[in-house]
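The values are calculated or read from the model by the stated rules, or taken from the named source; none is laboratory data. From a predicted model like this one, the values you see are computed outputs, not experimental measurements. Virtual Cβ from ideal backbone geometry, glycine too; neighbours counted across all protein chains shown. Areas reflect the complete protein model, heavy atoms only, side chains present, ligands, DNA and RNA absent. Shrake-Rupley method; radii C 1.70, N 1.55, O 1.52, S 1.80 Å.
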Amino acid sequence: PINTIIGGVAASISTKALLATKLGISEFRIMRFEVVGSDINCNINGEYSMASNAFYNDLNITKYIDLNGLCTVINQLAFNNASNLTEAYFPGKVFIGGNAFWNATKLASLFIENASNVMSGSLRNTGLEEIKITSTITIDQTQIWQNNSKLKRLLIPNIKGNIQHSSILNIPLLEVLQADNIEYMGNGNFFSNFPLLPIVNLPSLKSMSYNS
């Protein structure tokens, strides 16, 4: 059965070999490759790590659906500047590399609830209204969610560790911040921010740096 759907890229990724290069796998692991309109459907055999820059600056891609959670790593800049990407679904324990979705400005739906880690800048300047990660992971990164102008709900109840500088800077519509296990917030996180923020849950917070 089909387990991977990639929207909008059929004109530029017309063969298994081209797709294999994007995903960083052998083309022999791609089965049932078919073009449906402007989309690609296929069956990928086994887990994989998406290559760095896989869809960097790709203005065609509209969605990436990993139905079975086979992608375990989205490497750095994989969807950076993919400005027409609207939907991404990664239900597995996926590592989100640095700047992976940076400037995916139309991204309105992203499922990464079981992420194994999120790196610096990975989810900044998107079109998301909600970011939800329910897995228990430890972070110590910067600028993770910065400049999300539409973001209303940041739900990271089980993430532990440190939200380093500017990770939640410039999110003017944020209404709910749930970060139950965060112990430290670096500089600039609350600076010039959050005129609408009525709900903040930071029960484990021990210290904050300047301009936070």
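Quick notes
- Pick from the stretch 113-124, criterion open to solvent by less than 10 Å² (accessible area, probe 1.4 Å) and in a loop (DSSP other than H, G, I, E, B), ranking: farthest from LYS152 (Cα to Cα): ALA115
- Scanning the stretch 154-169 for residues that are farther than 19 Å from THR134 by Cα, within 18 Å of the chain's Cα centre (by Cα) and of a type outside the set (Ser, Thr, Tyr) yields GLN164, LEU169.
- Contact map, the stretch 152-176: first residue under 15 Å from THR138 (Cα atoms), second residue open to solvent by less than 30 Å² (accessible area, probe 1.4 Å) and among the hydroxyl-bearing types (Ser, Thr, Tyr), Cβ cut-off under 9 Å, separation 6 or more or different chains; pairs are ASN158/SER135; ILE159/SER135.
- Residue list for the stretch 49-71, restricted to those being of a type in the set (Ser, Thr, Tyr) and crowded, with 20+ Cβ neighbours inside 10 Å: TYR64
- Residue list for the stretch 151-174, filter: open to solvent by 20 Å² or more (accessible area, probe 1.4 Å) and either charged (D, E, K, R) or not in a loop (DSSP other than H, G, I, E, B) (or both): LYS152, ARG153, LEU155, LYS160, ASN162
- Any hit, the stretch 49-70, residues being more than 17 Å from the chain's Cα centre (by Cα), under 15 Å from ALA20 (Cβ atoms), among the polar types (S, T, N, Q) and not in a strand (DSSP E or B): no
- In the stretch 175-184, residue nearest to LEU107 (Cα to Cα) [restricted to those that are assigned to a loop (DSSP other than H, G, I, E, B) and open to solvent by 10 Å² or more (accessible area, probe 1.4 Å)]: GLU175
- When residues of the stretch 95-110 are limited to those that are touching a Lys or Arg at 6+ places or on another chain (Cβ under 9 Å) and in a loop (DSSP other than H, G, I, E, B), the one nearest to ASN81 (Cα to Cα): ASN103
- Reported count of residues in the stretch 125-150, each being among the hydroxyl-bearing types (Ser, Thr, Tyr), open to solvent by less than 30 Å² (accessible area, probe 1.4 Å) and closer than 21 Å to ASP180 by Cα, is 1.
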